[in-house]
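Here's the structure we're looking at; comments come further down.
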Amino acid sequence: MENKVIGKSVKVSGPLVIAEGMKEANMFDVVRVGKQKLIGEIIEMHGDKASVQVYEETAGIGRGDEIVSTGEPLSVELGPGLITNIYDGIQRPLEKLRIISGSNLLRGVDEPALDRQAVWHFDASAKVGDKVVGGSIIGSVKETEIITHKIMIPPKTNGEITEIKSGDFKVTDTVAKLRTEKGEIKEISLMQKWPVRIPRPYIEKLPPNTPMVTGQRNMDTMFPIARGGTACIPGPFGSGKTVVQHQIAKYSDVDIVIYVGCGERGNEMTDVLREFPELTDPKTGKSLMQRTVLIANTSDMPVAAREASIYTGITIAEYFRDMGLSVAIIADSSSRWAEALREMSGRLEEMPGEEGYPAYLTSRLAQFYERAGTVKCIGGDGRIGSLSAIGAVSPPGGDLSEPVTQATLRIVKVFWGLDSSLAYKRHFPAINWLNSYSLYQDRLAPWYEKQVDGNWSKNKTEAAKLLQLETSLDEIVKLVGMDALSPSDRLIMEASRSIREDFLQQDAMDPDDSYCPLEKQFALLDLILSFYRRSTEAIHNGADIEKISNLPVREKIGRAKMIPTVNYKEEFENIEKELISELDALTKETE
C-alpha cells in the first residue's frame with residue numbers, strides 16, 4: 001500500500017514516540033517519524049494510540065510531528081549480495097551509508113539492503129512446466145568464490161512455471177513466472193522479503209546428532225555443541241568472550257557465519273572488519289569474509305535498534321539454512337539486547353521484573369534461541385539445513401546469578417562459562433572446566449567414536465575426572481603442601497596440570513595452535529593420558545614420583561600442541577616411544 005499519514009506524535013521519550021490517530025495501523029508496522037522520516041516500529045497499541053519504537057536518534061522530534069505508515073512489518077531483503085556485506089541493525093548497508101553521509105551517519109537515510117545496480121548471473125535449474133512449491137530451488141547465482149546462492153520460490157507460494165530464463169539480472173528483475181492454483185501469474189525475482197519477527201517455515205526439526213566442530217579443544221572435546229544447537233558464553237569484562245567468538249566464527253565447520261555485534265563497543269566490530277577480510281578460511285583457502293555477513297549495531301548507536309539487529313541476523317541465518325546450508329549466528333551480546341528491552345519496558349511504564357528487566361525477558365530470549373535447529377527444509381527435495389545459535393552474555397561484574405545469564409541458561413544446551421581468575425592467570429580460552437557443561441555429549445558420543453576414535457568418550461571422561469580430583473587435592477596442597485600427598489596423588493596433580501596447560505590452553509595467535517582438528521585433539525589428550533597411565537604403572541613398580549615429574553619427555557609433551565597438523569602423527573609416536581623408554585629406564589633403576 002502507499003505511504004499515508006495516519007497519526008501525529010503526542011509524546012517523545014527517548015526512543016519511544018507515542019502517536020495518536022493510529023486506528024488504521026497494525027502491530028509491528030514500520031512507520032516513518034517526523035520530517036526526517038526516521039524508521040520506527042509499532043510495539044504497542046491502545047485504541048487509536050500507538051507506541052512506536054524508533055530505531056534512530058529522536059532529537060528534534062516533538063508533539064504534532066507526522067507519523068507515516070508503510071503498512072508492512074519490519075522485514076529484511078534476502079537475495080544475492082548479502083555475503084561480505086556489513087549492515088546496521090535494520091539492514092541498512094553501512095558502506096553505502098558512509099558514501100552518502102560521510103563518517104557520521106545521517107538520520108532518516110534509507111538505502112536498499114541489496115544493491116539494485118549489481119548484476120548477477122542466474123543459472124536456471126527448473127524448466128517451464130515444472131510444478132513448484134515454497135522453498136523449491138529454481139536456479140543459482142555464484143555469489144562469492146565459495147558460496148553458490150540458491151534462488152528459491154518464496155514460502156507459501158506454489159504453482160507451475162510458465163517462464164524461466166538464465167542470464168544476467170539485477171535483484172529486482174523477473175527471472176521466472178509461475179501460474180498459481182488460482183490462475184494468477186506471479187513474478188519471481190532474485191530477491192524476496194521476510195518479516196523478521198516471524199520464523200521461516202520448515203517441514204520438521206531433526207535431533208542434533210552431529211557436532212559443530214570449532215577447532216577449539218576445550219569446546220570440541222570437553223563441551224561440544226551440536227549442529228543446530230544453542231550455546232552461551234557468559235563472562236566478565238576481559239575474560240576473552242570476543243576472542244572466543246572470533247575463533248568460532250573463523251574456524252567452525254559451517255558454510256555461513258552471521259556475526260551480530262549487538263550493542264558491543266565499536267572497536268570490537270572494527271577488529272572484526274579489519275581481521276576477517278585478511279583471514280584465510282581453513283576449509284577453502286579464500287578470505288573468511290566470503291562466507292560472512294556482519295551486522296554492526298554498536299554501543300553508540302540507538303539502543304532500540306539492538307532488538308532489531310538480533311531479529312535481522314536470525315532471519316538472514318534462516319534464509320541460508322533454507323538453502324540446505326549449515327549456518328552459525330553469533331550474537332555479541334544478548335545482555336545489551338536485554339538492556340534495550342529494559343529501557344523500552346521502563347519507558348512504556350510496564351511492571352518490572354527482577355533487577356528492572358521486563359517480566360517477558362525469558363520468553364524473548366527463548367524466541368531467539370528456539371529458531372535454531374537442524375531442519376528438513378521446505379521445497380520438496382528433502383534437503384537438510386542447520387542453524388546454530390551462540391550468544392555471549394556480559395553479566396555485570398561476572399555475576400552469573402543475574403537475570404539475563406539465568407534466563408539464558410534455562411534455554412540453551414551448552415554453557416561455556418568464562419572465568420576471570422583463569423584469564424588473570426593468562427589461561428585462554430578461560431572456559432572454567434568445573435562449571436561449564438554440554439547437554440549434547442551423550443547424543444554426540446556415537447559420532448565421535450565412529451568418526452574419530454572408539455576411545456573418545458573414555459579419554460574425555462578420564463580427563464574430566466582427573467581435573468575434578470585435582471580440585472579436591474588442591475585444597476590439601478594449600479593447607480599442608482605438595483609433599484604431604486602420596487605419590488599417586490602427586491601424579492594426579494602432575495597429569496591434571498598437563499591437561500590444563502598442554503591441552504585446554506590454546507593460543508589463538510599461534511598459527512599451529514589456533515585451530516586443532518579432532519584427530520589431533522584426540523591424539524594430544526591420549527598422549528597426556530598415556531603419560532598418566534604408564535607413570536601410574538611405574539609408581540606401582542617402585543619408580544620415584546620426583547624423577548617421573550622431571551622426565552625430559554615432559555617438555556616434549558608440553559610442546560606437542562605446537563607441532564604442525566601436517567606431521568603431528570609421526571612426532572606424537574616418537575614422543576610416545578621416548579616416554580616408554582624413559583619410564584622403563586626409571587623402573588629398571590629401582591629393581
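Select, from Ile378, Ile390, the only residue that is open to solvent by less than 10 Å² (accessible area, probe 1.4 Å) and touching a helix residue (DSSP H, G or I) at 6+ places or on another chain (Cβ under 8 Å).
Among Ile378, Ile390, only Ile390 is open to solvent by less than 10 Å² (accessible area, probe 1.4 Å) and touching a helix residue (DSSP H, G or I) at 6+ places or on another chain (Cβ under 8 Å).
Would you check which residues across region 404-422 are open to solvent by less than 10 Å² (accessible area, probe 1.4 Å), assigned to a helix (DSSP H, G or I) and either out of contact with any Pro (no Cβ under 9 Å at 6 or more places or on another chain) or without any contact (Cβ under 8 Å) to a residue 40 or more places away in the chain (or both) and list them?
Answer for region 404-422, where residues must be open to solvent by less than 10 Å² (accessible area, probe 1.4 Å), assigned to a helix (DSSP H, G or I) and either out of contact with any Pro (no Cβ under 9 Å at 6 or more places or on another chain) or without any contact (Cβ under 8 Å) to a residue 40 or more places away in the chain (or both): just Ala407.
Sort through Gly417, Gly385, Gly397 and tell me the only one that's of a type in the set (Gly, Ala, Ser) and closer than 30 Å to Asn158 by Cβ. Steps first, please.
Details: Gly417 fails: closer than 30 Å to Asn158 by Cβ; Gly397 fails: closer than 30 Å to Asn158 by Cβ.
Step by step, each of Gly417, Gly385, Gly397 is checked, and only Gly385 is of a type in the set (Gly, Ala, Ser) and closer than 30 Å to Asn158 by Cβ.
Of a type in the set (D, E, K, R), out of contact with any strand residue (DSSP E or B) (no Cβ under 6 Å at 6 or more places or on another chain), buried (at least 24 other Cβ atoms within 10 Å of the Cβ) and touching a residue at least 24 places away in the same chain (Cβ under 8 Å): is that true of Glu307 in this structure?
Values: of a type in the set (D, E, K, R): yes; out of contact with any strand residue (DSSP E or B) (no Cβ under 6 Å at 6 or more places or on another chain): yes; buried (at least 24 other Cβ atoms within 10 Å of the Cβ): yes; touching a residue at least 24 places away in the same chain (Cβ under 8 Å): yes.
Yes: the conditions hold for Glu307.
Open to solvent by 30 Å² or more (accessible area, probe 1.4 Å), in a helix (DSSP H, G or I), out of contact with any His (no Cβ under 9 Å at 6 or more places or on another chain) and over 29 Å from Cys232 (Cα atoms): does that describe Glu462? Explain how you work it out, then say what you get.
Details: open to solvent by 30 Å² or more (accessible area, probe 1.4 Å): yes; in a helix (DSSP H, G or I): yes; out of contact with any His (no Cβ under 9 Å at 6 or more places or on another chain): yes; over 29 Å from Cys232 (Cα atoms): no.
So Glu462 does not fit the description; no.
Look at Arg63 and say whether it is at pLDDT 90 or above, outside any strand (DSSP E or B) and out of contact with any helix residue (DSSP H, G or I) (no Cβ under 6 Å at 6 or more places or on another chain).
So Arg63 fits the description; yes.
Within region 484-517, can you find the residues that are assigned to a helix (DSSP H, G or I), open to solvent by 10 Å² or more (accessible area, probe 1.4 Å) and of a type in the set (A, V, I, L, M, F, W, C)?
Within region 484-517, the first condition is being assigned to a helix (DSSP H, G or I), and the residues that meet it are 484, 487-504.
From the residues that got through so far, the ones that are open to solvent by 10 Å² or more (accessible area, probe 1.4 Å) too are 484, 487-490, 492-494, 497, 500-502.
Once the filter is applied, which keeps residues that are assigned to a helix (DSSP H, G or I), open to solvent by 10 Å² or more (accessible area, probe 1.4 Å) and of a type in the set (A, V, I, L, M, F, W, C), region 484-517 yields Ala484, Ile492, Met493.
Considering only region 251-270, state which residues are open to solvent by 10 Å² or more (accessible area, probe 1.4 Å) and either hydroxyl-bearing (Ser, Thr, Tyr) or under 11 Å from the mean Cα position of the chain (by Cα) (or both).
Tyr251, Thr270
Hey, could you check region 138-159 for residues that are of a type in the set (A, V, I, L, M, F, W, C) and part of a loop (DSSP other than H, G, I, E, B) and say which is surrounded by the fewest Cβ atoms within 10 Å (Cβ to Cβ)?
Ile146
The values are calculated or read from the model by the stated rules, or taken from the named source; none is laboratory data. Because the structure is predicted, anything quoted here is derived from the model rather than measured. Quick reminder, even Gly has a Cβ in these numbers, built from the backbone with ideal geometry, and neighbours come from all protein chains shown. Heads up: the accessible areas ignore ligands, DNA and RNA and are worked out on the full protein's heavy atoms, side chains in. Shrake-Rupley method; radii C 1.70, N 1.55, O 1.52, S 1.80 Å.
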